[in-house]
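All remarks here apply to the structure that follows.
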Amino acid sequence: MGRAAMVERIWLDVAYAEKDWAKQAGARWDPAARRWYAPRAGMPALQPWAAASDVPELLPGEDRGLGSGLFVDLIPSSCWFTNVRSCVAPKDWERLRRMITRRAGMRCEACGAGEERTTRRWLEAHERWVYDDALRVQRLRRLICLCTDCHTVTHFGYAQVRGLEAQAFAHLVKVTAMTLAAASRHIETAFAL
């Protein structure tokens, strides 16, 4: 008796916010691939999540060398709560997020950690921008995979608002091996900028 034929998955692009709807429509989750799929062809209810082509690993204009490592990367208040995720369709954000985590080998690009469900550490996409103060223009230059802890450090001002300042500070020191004084100066410099 021969081996059972491997069935190729019919992958879907399901945004996290839409996962329950997709599941109700018949989508299934593949934990190894960390992706939703249709259990069989010809399911019209799953058409809204039909997969688009993969996003290329290097995006046009992206500078993969910009801002390596872990650092506090504050953004101007005029840019708060405006990000790529809020400017693209959820389906397209899912494609971008999947490409970012995959090209990072499912590891944080700052500290090397992977996801850990029990400690609620996820892999998240972070944007690195460059700013032209004279023209008052920001340009997206890099998308990077960060774990929840490193992402919290990066958005240190938001960490303070959420009551996570001490945790973020400790993680910054741990990952960068800065002294407490050097980490404090680093944060002060970021806020001054």
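The values are calculated or read from the model by the stated rules, or taken from the named source; none is laboratory data. All values derive from a computational prediction rather than experimental measurement. Note: ideal-geometry Cβ built from the backbone for every residue, glycine included; neighbour counts use all protein chains shown. Remember, those area values only see protein heavy atoms, side chains included, never the ligands or the DNA or RNA. Shrake-Rupley method; radii C 1.70, N 1.55, O 1.52, S 1.80 Å.
Please compute the net charge surrounding Gly157, taking Lys and Arg as +1 and Asp and Glu as -1 over other residues with Cβ under 12 Å from its Cβ.
Around Gly157, the charge tally is -1.
Using heavy-atom solvent-accessible surface (probe 1.4 Å) with all chains present, what is the largest-first order of Asp132, Asp20, Asp30?
My answer, sorted largest first, is Asp20, Asp132, Asp30.
What is the spin-label model distance, in nm, from His186 to Val84 if the labels are put 7 Å beyond Cα along the C-beta direction?
2.3 nm
Kindly state, as a whole number, the per residue volume in cubic angstrom of the convex hull around the alpha carbon atoms of the chain.
169 Å³
Sequence neighbours fewer than 8 away in the same chain don't count; with that in mind, list the aspartates and glutamates whose C-alpha is under 15 Å from Lys91.
In chain and number order, the partners are Asp13, Glu18, Asp20, Asp54.
Give me the 1.4 Å probe accessible area per residue for region 102-187, excluding ligands and nucleic acids, in Å².
56 Å²
For region 59-159, how big is the tail of P(r) above 15 Å, as a whole percent of Cα pairs?
64 percent
For region 1-96, what % of the accessible area comes from carbon and sulfur atoms, probe 1.4 Å?
In region 1-96, the share of accessible area belonging to carbon and sulfur is 57 percent.
When N is the residue count of region 1-111, what does its C-alpha Rg come to as a fraction of 2.2 N^0.38 Å?
After normalising by residue count via 2.2 N^0.38 Å, the value is 1.33.
Name the longest site-free stretch of the chain, where the excluded sites are trypsin sites (Lys or Arg not before Pro) in a DSSP loop with no more than 12 other beta-carbon atoms within 10 Å.
The longest uninterrupted stretch comes out as 41-119.
How would Phe191, Phe81, Phe169 line up by accessible area, probe 1.4 Å, largest first?
Phe81, Phe191, Phe169
Quick one, could you list the DSSP H helices from the chain stretching 15 Å or more along their long axis (Cα atoms) with average Kyte-Doolittle hydropathy of -0.5 or above?
165-176, 180-192
What's the longest bit of the chain with no exposed GluC sites (Glu not before Pro), using DSSP loop states and at most 16 other Cβ atoms within 10 Å as the test?
63-193
Where the centre of each part is set by its Cα atoms, how far does region 1-78 sit from region 125-156, in angstrom?
23 Å
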